[in-house]
Amino acid sequence: MSLSPQDKSLRHLIADTIVATPNRRISFAEYMDLVLYHPQQGYYATGAVNIGSEGDFFTSSHLGHDFGELLAEQFAQIWEILEYPEPFTLVEMGAGQGLVAADVLNYLYRQYPDCFAALDYIIVEKAAGLISKQQQVLTQLNLPGLPLRWCTFDEIPDNSIIGCCFSNELVDAFPVHQVVLEKGKLREVYVTTVTTEVDEIHFGEVTNDSSTPQLNEYFQWIGIDLYSGAYPDGYRTEVNLAALDWMETITNKLQRGFLLTIDYGYSADRYYLPVRHQGTLKCYYRHRHHDNPYVNVGQQDITAHVNFTALERQGELSGLQTVELTKQGLFLMALGLGDRISALSGSGSHQGQAMAGAQDVIRIMQRRDALHQLINPTGLGGFAVLVQCKGLSLEKARSLKGLTVPPMA
């Protein structure tokens, strides 16, 4: 298979980084960070990232406007719970192509103009390529006094945010360390270069002692005993230390309000089951997934499931309270997705179809399918929604509409 110019360039850059290290190896976390986030050549930094139904992967926001609009319903209630602060700050971390931001801003402008008038919408995005796509989408909104800006975390003062910080499918793309049990000892996976006869650059793996004592401490901290005898030799998994730093950073910025983290993952006891002996790392290329992170370098997404127990515990150490861990399907139903499905039922009846044109019927059926995908427990509906808060009583925080018992559709 021939390599693209970007693939070649990034491979050489990574190889140079490896050669420059004393042991001629880098941790898998360093490799993943370069592949995804290198400022010029990384997957997210360039135009290589392809999100959508025909791309490498798609998110809830690609199924229509409903996901963002239902989140906006929750944000409007958060503004009320926080007693109508001005500014009311929403911080979207990792905004993809800007679709959620567009839907939230449009919906608040139309349905909650007072909330929109108080709004300060901040996007924190690391990748230059995605910032460019977001700006293309969001500059077309044509909303008066659009309260939108892009910032780095460093540009947001500590203890300054009154509102809600949120992310959708962000934490799964943080660089992870890979570890493996070898003869009763935890070893780390490192990436090195492999010499070939045709002088091409390829990458291979070696294992060695951990690059940081945090890896062993991590498992003790989340209550997982890898040395219990239940885990087979060769057991391999991931540790997302970057997510812990991220959680601490957000907590420092938040004065009062909520943190919503929406992603796919498990609690620690499910994440680190002995039967999950190859971990959760996946690569996504042209809407197909595989498990080889050393091909399509800079051209594919690499992700790992999220350990929500670690996010809860780090949040609590940093100053957050855990409000609830729920499922996306339940969360969206409580926010009104069931009402939207019910409203389509009349349109989809035989009488409704007789009154509608063929194109309208197709549109209604497509939208109904999209809504059901958002709550499908084996797909997007099974994603976790972690709700954490700061500066509020748990009683008040638990009054979030998205945490109420959802009505039947």
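The values are calculated or read from the model by the stated rules, or taken from the named source; none is laboratory data. Every value quoted in this text rests on a predicted model; they were computed, and no experiment measured them. Every residue, glycine as well, gets a Cβ built from its backbone with ideal geometry; the counts of neighbours run over all protein chains shown. Surface areas here come from the heavy atoms of the whole protein model, side chains and all, with no ligands, DNA or RNA. Shrake-Rupley method; radii C 1.70, N 1.55, O 1.52, S 1.80 Å.
Given the conditions (1) among the charged types (D, E, K, R); (2) open to solvent by less than 60 Å² (accessible area, probe 1.4 Å); (3) out of contact with any Ser or Thr (no Cβ under 8 Å at 6 or more places or on another chain), which single one is not true for Asp263?
So the condition that Asp263 fails would be (3).
Among the listed residues Glu169, Glu238, identify the single one that is open to solvent by 10 Å² or more (accessible area, probe 1.4 Å), in contact (Cβ under 8 Å) with a residue 60 or more places away in the chain and within 21 Å of the chain's Cα centre (by Cα).
Details: Glu238 fails: open to solvent by 10 Å² or more (accessible area, probe 1.4 Å).
Of the residues listed, the single one that is open to solvent by 10 Å² or more (accessible area, probe 1.4 Å), in contact (Cβ under 8 Å) with a residue 60 or more places away in the chain and within 21 Å of the chain's Cα centre (by Cα) is Glu169.
Pairs needed: first member in region 244-259, on the phi > 0 side of the Ramachandran plot and modelled with pLDDT of 95 or more; second member anywhere, aliphatic (A, V, I, L, M) and part of a helix (DSSP H, G or I); C-beta distance under 8 Å; at least 6 residues apart or different chains.
From residues that are on the phi > 0 side of the Ramachandran plot and modelled with pLDDT of 95 or more, the pairs are Gly257/Ile78.
Just one of (1) assigned to a helix (DSSP H, G or I); (2) aliphatic (A, V, I, L, M); (3) closer than 17 Å to Gly68 by Cα; (4) modelled with pLDDT under 95 trips up Ile131, so point out which.
For Ile131, the exception is condition (3).
I'm told Phe67 meets every condition in (1) more than 30 Å from Val297 (Cα to Cα); (2) buried (at least 22 other Cβ atoms within 10 Å of the Cβ); (3) modelled with pLDDT of 95 or more except one. Can you identify the failing condition by its number?
(3)
Among all residue pairs at least 6 apart or on different chains, which show Cβ distances below 7 Å where the first residue, located in region 201-220, is within 18 Å of Tyr235 (Cβ to Cβ) and the second is among the basic types (Lys, Arg) and outside any strand (DSSP E or B)?
That search, which allows pairs on different chains as well, returns Val206/Arg25.
Name the single residue that is surrounded by the most Cβ atoms within 10 Å (Cβ to Cβ) among those in region 122-158 being polar (S, T, N, Q) and more than 23 Å from Ala242 (Cβ to Cβ).
First, pick out the residues of region 122-158 that are polar (S, T, N, Q): 132, 134-136, 139-140, 142, 152.
Next cut, more than 23 Å from Ala242 (Cβ to Cβ) only: 132, 135-136, 139-140, 142.
On the way: Ser132: 11, Gln135: 15, Gln136: 11, Thr139: 11, Gln140: 9, Asn142: 6.
Within region 122-158, the match that is surrounded by the most Cβ atoms within 10 Å (Cβ to Cβ) is Gln135.
Applying the selection to region 294-330, what residues are modelled with pLDDT of 95 or more, touching a Ser or Thr at 6+ places or on another chain (Cβ under 7 Å) and either surrounded by fewer than 21 Cβ atoms within 10 Å (Cβ to Cβ) or farther than 30 Å from Leu392 by Cβ (or both)?
Answer for region 294-330, where residues must be modelled with pLDDT of 95 or more, touching a Ser or Thr at 6+ places or on another chain (Cβ under 7 Å) and either surrounded by fewer than 21 Cβ atoms within 10 Å (Cβ to Cβ) or farther than 30 Å from Leu392 by Cβ (or both): Ala304, Glu316, Ser318, Gly319.
Can you tell me which condition Ala243 does not meet? The list is (1) in contact with a Leu (Cβ under 7 Å, 6 or more places away or on another chain); (2) surrounded by fewer than 19 Cβ atoms within 10 Å (Cβ to Cβ), and all the others hold.
That leaves (2) as the condition not met.
When you check His290 against the structure, is it under 22 Å from Tyr43 (Cβ atoms), open to solvent by 40 Å² or more (accessible area, probe 1.4 Å) and under 18 Å from the mean Cα position of the chain (by Cα), yes or no?
Numbers: under 22 Å from Tyr43 (Cβ atoms): yes; open to solvent by 40 Å² or more (accessible area, probe 1.4 Å): yes; under 18 Å from the mean Cα position of the chain (by Cα): no.
Answer is no for this residue.
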